[in-house]
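Report on one structure; see the data block that follows.
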């Protein structure tokens with residue numbers, strides 16, 4: 001996204017960034033997502049919370065309708081990897097290919113080394129992936145850094 005477009009988007013929203021959050025697929029585990037949404041709101045973001053059992057295309061529709069700056073997908077039931085396949089492609093098809101994408105939670109079945117899981121999500125087009133137990137302040141820090149990087153014309157901040 002160009003600097004001008006980003007600045008105009010922020011100005012149009014009164015300087016607040018809009019984030020879409022929800023629990024993807026057939027997952028009903030909502031508590032962690034609600035805690036994250038409250039922390040995001042407390043940090044000054046406008047949060048559109050979709051809740052549990054949300055299909056991927058609903059995240060995309062909500063992001064378009066609200067001119068969201070980021071989508072944060074959570075999953076706890078271990079099927080996040082399956083539910084998130086093709087997510088970036090759906091964004092591209094919908095014309096929001098530059099949206100910031102985060103995924104977090106218990107994203108895979110079984111115990112797998114986190115660096116391998118993270119790499120798979122980055123390869124799927126997510127900008128960040130977070131393991132179970134990630135603290136909300138860590139997510140907030142990455143959002144702040146990634147939005148700052150985008151304001152400077154970069155895709156995301158360095159890890």
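Using Cα atoms only, what is the angle between the long axis of helix 56-66 and the major principal axis of the chain, expressed in degrees (0 to 90) to the nearest 10? Computed tilt is about 20 degrees.
Between residue 119 and residue 144, the simple spin-label model (points 7 angstrom out along Cα→Cβ) gives 3.1 nm.
With a simple spin-label model that places each label point 7 Å from the Cα along the Cα-to-Cβ direction, the separation between residue 43 and residue 31 comes to 2.2 nm.
Compared with the dominant principal axis of the Cα atoms in the chain, helix 31-42 is inclined by about 20°.
Look at the alpha carbon pairs under 8 Å that are at least 6 residues apart: their mean separation over the length of the chain gives a relative contact order of 22 percent. Length gained on full extension, residue 53 to residue 135: 27.2 nm, using 0.36 nm per residue less the C-alpha separation.
Using Cα atoms only, what is the angle between the long axis of helix 3-12 and the major principal axis of the chain, expressed in degrees (0 to 90) to the nearest 10? Taking Cα atoms only, the helix is inclined about 90 degrees. Would you work out if the stretch 74-155 is rounded, prolate or oblate? Take a ≥ b ≥ c from the square roots of the eigenvalues of the alpha-carbon gyration tensor; rounded if a/c is under 1.5, else prolate when a/b is larger than b/c, oblate otherwise. Because a/c hits 1.5 or more and a/b fails to exceed b/c, the stretch 74-155 counts as oblate. Evaluated at q = 0.16, 0.18, 0.20 Å⁻¹, a Debye calculation over the C-alpha positions of the chain (equal weights, vacuum) places log10 I(q)/I(0) at -0.85, -1.10, -1.40. Per-residue extension of 0.36 nm, minus the Cα-Cα distance of residue 85 and residue 16, leaves a gain of 21.9 nm for this segment. The residues 145, 120, 150, when put in order of fewest to most other Cβ atoms within 10 Å, stand as 145, 120, 150. Residue 64 label point, 7 Å along Cα→Cβ, cut-off 18 Å on backbone N: hits in the stretch 84-107? Backbone N within reach: 86-101.
We did not get these values from a lab; they are worked out from the coordinates using the rules stated. Source: prediction; values computed, not measured. Here Cβ is always computed from backbone atoms with ideal geometry, including for glycine, and neighbour counts include all displayed protein chains.
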